[in-house]
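*Asks:* Submitted below is the structure of interest, expressed as structure tokens.
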């Protein structure tokens, strides 16, 4: 991606790579400095993609979201990556994972992902290999 871009920005909330903080802060700073963008790609946690998309859309920048972070089985059978894009049901694993970010119902997506929290907590387990090693 860096090789195909005039400008390439990375932000991590722990500061391990790039800007220490949120990508939305980097974007806001660049816009305030008068930077212009032809296209944006967002990938990462859904809440970050939602916030960043709101900013890029407001600035009139076409934005693509990669929803591979929400995929589970990659076949479309589980329905875990179901997303509404411009009011139509799509599956990130078979219809995407890239979508026009402006058309994604981010609130519905985030709400749906939250429905798995209980199952994820129940699935947490201690690795049995730790006792062997």
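None of the figures in this text is laboratory data; all of them are computed from the coordinates on show. Everything numeric in this text was worked out from a predicted model, so none of it was measured. All Cβ positions, glycine included, derive from the backbone under ideal geometry; neighbour counts span all protein chains shown.
*Asks:* Gaussian network model of the chain, Cα springs within a sub-10 Å range: biggest mean-square fluctuation belongs to which of 75, 63, 118?
*Replies:* 118
*Asks:* Moving to a separate point now. Using the reciprocal of the averaged 1/r over all distinct C-alpha pairs, how large is the Kirkwood radius of the stretch 70-115 in Å?
*Replies:* Kirkwood radius, the stretch 70-115: 10.5 Å.
*Asks:* Would the chain count as rounded, prolate or oblate if I go by the C-alpha gyration tensor, calling it rounded below 1.5 in a/c and otherwise prolate when a/b exceeds b/c, oblate otherwise?
*Replies:* oblate
*Asks:* Please give the residues of the stretch 98-122, grouped as numeric ranges, whose backbone N is less than 17 Å from a label point set 7 Å along the Cα-to-Cβ vector of residue 41.
*Replies:* From the stretch 98-122, the list is 98-102.
*Asks:* Between residue 4 and residue 84, 0.36 nm times their residue separation minus their Cα-Cα distance comes to what?
*Replies:* Extra length available between residue 4 and residue 84 comes to 25.9 nm.
*Asks:* Next up: Using DSSP, restrict attention to beta bridges with both residues in the stretch 2-132 and report what percent are antiparallel, rounded to the nearest 5.
*Replies:* 55
*Asks:* Relative contact order (percent) for the stretch 16-123, with alpha-carbon contacts under 8 angstrom and 6 or more residues of separation?
*Replies:* With pairs under 8 Å counted, the relative contact order is 22 percent.
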